[in-house]
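A.B. asks: The following block contains the structure, expressed as structure tokens.
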Ligand SMILES: Cc1ncc(COP(=O)(O)O)c(C=O)c1O
């Protein structure tokens, strides 16, 4: 499978230029077909639990393969936020322990949980300020001390969308006994993510963006031995080890044996329709391979950034460089707004693009254009041309 064949699988590319994977990835035909097949079985009363479980395990293996993990290190969750919470709440915090992160560049769902731990467990928050849209890793490392338990970052921030050097952070953190928790909402599936290579301890992923499927399904990777040292806050049948042949309604009286690794965090029935949707997209991502996908999406983002700069527009981060992932942010402020840009001129550009069939977002007061594996050079050149003509 090559990228132009893959593009054919996405009806959403046909009547628009869709540069919005950072909100929702387009879903391919095979995912729609799998969802319809799932619905048909339910409507006809033909759904078989064993088949649903087998699908969940296939998906777990596909995700594990994508991130270089062992399947038992991958828990099936509801979303990124749940995964982050499962990890953070499973640690044995003592008052005065601290967490280091850069709240201004994190999604709110990787911020509130730490405030909650501050209120409930006395965890100290060490807030790092961004520098020119980047999470400054040196500042993060400087802030670590012997009470630092966790350093957390987004691998790619949701706005302005720069890549964090997770490997460098994890190396420094590990040498200080600090755990790394990575929000991969905006990366896995578009940016190569190998947990061993990166040396991270935990990663949370959702399926609605770069995994090209629904909201309401996610995955939490936790290194096996670490997962087994965490205490799940919620516990239910699917996290329990009752042996391979035990029915799911079985109980082992008086005992609490967890399944290995991250499987202990699972509660009960999964989002099966979400699993049906993501299996074909994961297969597509695997058949293209990250060695093909990452250079493609980052190459198109670099082409777009150059086109915007040539039109005289303010591209966050300036010329393409190692910071540039598959997201190009245009605008100057980076304030707090989600539906209108801080600069009125950028609002006009937004409306000009949208009224010409370009689908993008505004995040933190700037325009966010995000490239998916289904985009091509013609998409990028169309947006650059529309922007040039708007500048006049
Ligand atoms: C960086 C980042 N983290 C977390 C989230 C929240 O994801 P979920 O809704 O899967 O919890 C988002 C979604 O927009 C995001 O961009």
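We did not get these values from a lab; they are worked out from the coordinates using the rules stated. Keep in mind that this is a model prediction, so the values were computed, not measured. Neighbour counts are summed over all protein chains in view; Cβ atoms, including those assigned to glycine, are modelled from backbone coordinates with ideal geometry.
A.B. asks: In the range 65-85, how many are away from the ligand (no atom under 12 Å from the Cβ), touching a residue at least 40 places away in the same chain (Cβ under 8 Å) and part of a helix (DSSP H, G or I)?
C.D. replies: Counting residues in the range 65-85 that are away from the ligand (no atom under 12 Å from the Cβ), touching a residue at least 40 places away in the same chain (Cβ under 8 Å) and part of a helix (DSSP H, G or I) gives 5.
A.B. asks: Within the range 118-139, take every residue that is in contact with a helix residue (DSSP H, G or I) (Cβ under 6 Å, 6 or more places away or on another chain) and farther than 30 Å from residue 318 by Cβ and give me the one that is surrounded by the most Cβ atoms within 10 Å (Cβ to Cβ).
C.D. replies: From the range 118-139, those in contact with a helix residue (DSSP H, G or I) (Cβ under 6 Å, 6 or more places away or on another chain) are 123, 125-128, 130, 135, 137; that's our starting set.
Pick out the ones that are also farther than 30 Å from residue 318 by Cβ and you get 123, 125.
Details: 123: 24, 125: 14.
The residue in question is 123.
A.B. asks: Out of all the residues in the range 1-48, which are within 16 Å of the ligand (Cβ to nearest atom) and in a helix (DSSP H, G or I)?
C.D. replies: Matches in the range 1-48: none.
A.B. asks: Being assigned to a loop (DSSP other than H, G, I, E, B) and under 22 Å from the mean Cα position of the chain (by Cα) is the filter; apply it to the range 259-313 and report the residue that is farthest from residue 84 (Cα to Cα).
C.D. replies: That would be 289.
A.B. asks: Filter the range 375-392 down to the residues that are surrounded by fewer than 23 Cβ atoms within 10 Å (Cβ to Cβ) and out of contact with any strand residue (DSSP E or B) (no Cβ under 6 Å at 6 or more places or on another chain) and list them by number.
C.D. replies: 376, 377, 378, 381, 384, 385, 386, 388, 389, 390, 391, 392
A.B. asks: Can you name the strands (runs of 3 or more DSSP E) wholly within the range 111-198 that have at least 1 residues being within 12 Å of the ligand (Cβ to nearest atom) and out of contact with any strand residue (DSSP E or B) (no Cβ under 9 Å at 6 or more places or on another chain)?
C.D. replies: Answer list for the range 111-198: none.
A.B. asks: Sticking with this structure for a sec: Looking only at the range 86-103, which residues are in a helix (DSSP H, G or I), within 16 Å of residue 125 (Cβ to Cβ) and within 13 Å of the ligand (Cβ to nearest atom)?
C.D. replies: Selection gives 103 alone.
A.B. asks: What residue, among those in the range 210-232 that are outside any strand (DSSP E or B) and crowded, with 24+ Cβ neighbours inside 10 Å, is nearest to the ligand (Cβ to nearest atom)?
C.D. replies: For the range 210-232, the residue satisfying everything is 217.
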